[in-house]
Amino acid sequence: MTLTIRGALAVGSGGMQFDREELLGRLARLLPADGVFEPLDGLVLKRLSEPSGCVYGTSRASLCLIAQGRKEVLLGDQRYAYDPHQYLLTTFELPVTGRVVEASADRPYLSVQLVLDPAMVDSVVTEAALTTPRRTVDAKALVVSPVEADLLNAVVRLVRLVEAPGEARVLAPLVKREIVFRLLLGEQGHRLRHLPALGSSSMSIAQAVERIRREFDRPLRIASLARDLGMSTSGFHQHFKAVTDMSPLQYQKQIRLHEARRMMLGEEVDAASAAFRVGYRDASQFSREYKRQFGEPPIRDVDRLRQTDRQGQV
């Protein structure tokens, strides 16, 4: 009996290793040079031949798998590291900092991201007769979890379709639904069922996040926002922190700083004007918080990014 069990485990382990090797080989072929490639709607492939500095941006509801290399994502005060043995699941749009920490010319970082459509998740939940847990569960919007064999195999089959566009038109939507189904059955299924479109306790926080993002340049009146969502101020704080790993004020500050940086880079707005436009009334406070977030004062940071862009490294 012991030999039978070990044999079965060996077969399963071998199957996952085969899928990992296939995924790595296909990505290496599809991405001969560094860059980002979206060959199918919502399927984003990335290659990087050296470790990156911190990249600041906004996450999307998505599944991320690494075929080779390692990456870290910082959300609030929490750091999430993952490699080919884990996946990253995000269920909200959140300001995050990402950094590829393991990559080289011989062994480039190769990854797959599948953007998750809330309507599709809702449809799969309904079709599979799954329910949103009524009890209070961890609703954190970003998590790292071990890759299951069935999930990895479905992702490999989706990547295969990149090289078969005729089949992809018919099969890609089906494989995407299978991936969502595998996620729902997996360790983080309860979290995915709290995707905002599904209508859950997290939906109030999703509405708050959207409102803060939309009105980031206005004063944040937390008591009023909580009341509009039918929550107490303390309850709102608690739930917001549980989902986003930061307070509402911290979230607003990160949105403001990211938007100011975008303005200075894309619209060539000076630091003082950008600070005012995103809601700061004190330029010195803006400069301090900008340096704390991005590591350098606004002018120096933007000059560095422009120089990097001119050198074709972004």
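The values are calculated or read from the model by the stated rules, or taken from the named source; none is laboratory data. Only a predicted model underlies this, so the values are computations on that prediction, with no experimental measurement involved. Heads up, the Cβs are rebuilt from the backbone with ideal geometry, glycines too, and the neighbour counts pull from every protein chain shown.
Points to keep in mind about this one:
- Of all the criteria given as (1) surrounded by 14 or more Cβ atoms within 10 Å (Cβ to Cβ); (2) modelled with pLDDT of 95 or more; (3) part of a helix (DSSP H, G or I), the one not satisfied by Leu45 is (3).
- Across segment 59-109, the qualifying residues are those that are over 16 Å from the mean Cα position of the chain (by Cα) and part of a strand (DSSP E or B), and the one among them that is farthest from Arg29 (Cα to Cα) is Val101.
- Test result for Met231, closer than 18 Å to Thr91 by Cα, out of contact with any strand residue (DSSP E or B) (no Cβ under 7 Å at 6 or more places or on another chain) and outside any helix (DSSP H, G or I): no
- Flag for Tyr251 being touching a helix residue (DSSP H, G or I) at 6+ places or on another chain (Cβ under 9 Å) and free of Cβ contacts under 8 Å to residues at least 40 places away in the same chain: no
- Condition check for Val137: part of a loop (DSSP other than H, G, I, E, B), modelled with pLDDT under 90 and assigned by TED's automatic domain parsing to the domain that holds Val175: yes
- Look at (1) more than 20 Å from the chain's Cα centre (by Cα); (2) without any contact (Cβ under 8 Å) to a residue 60 or more places away in the chain; (3) farther than 30 Å from Val121 by Cα and you find that Phe236 fails only one, number (3).
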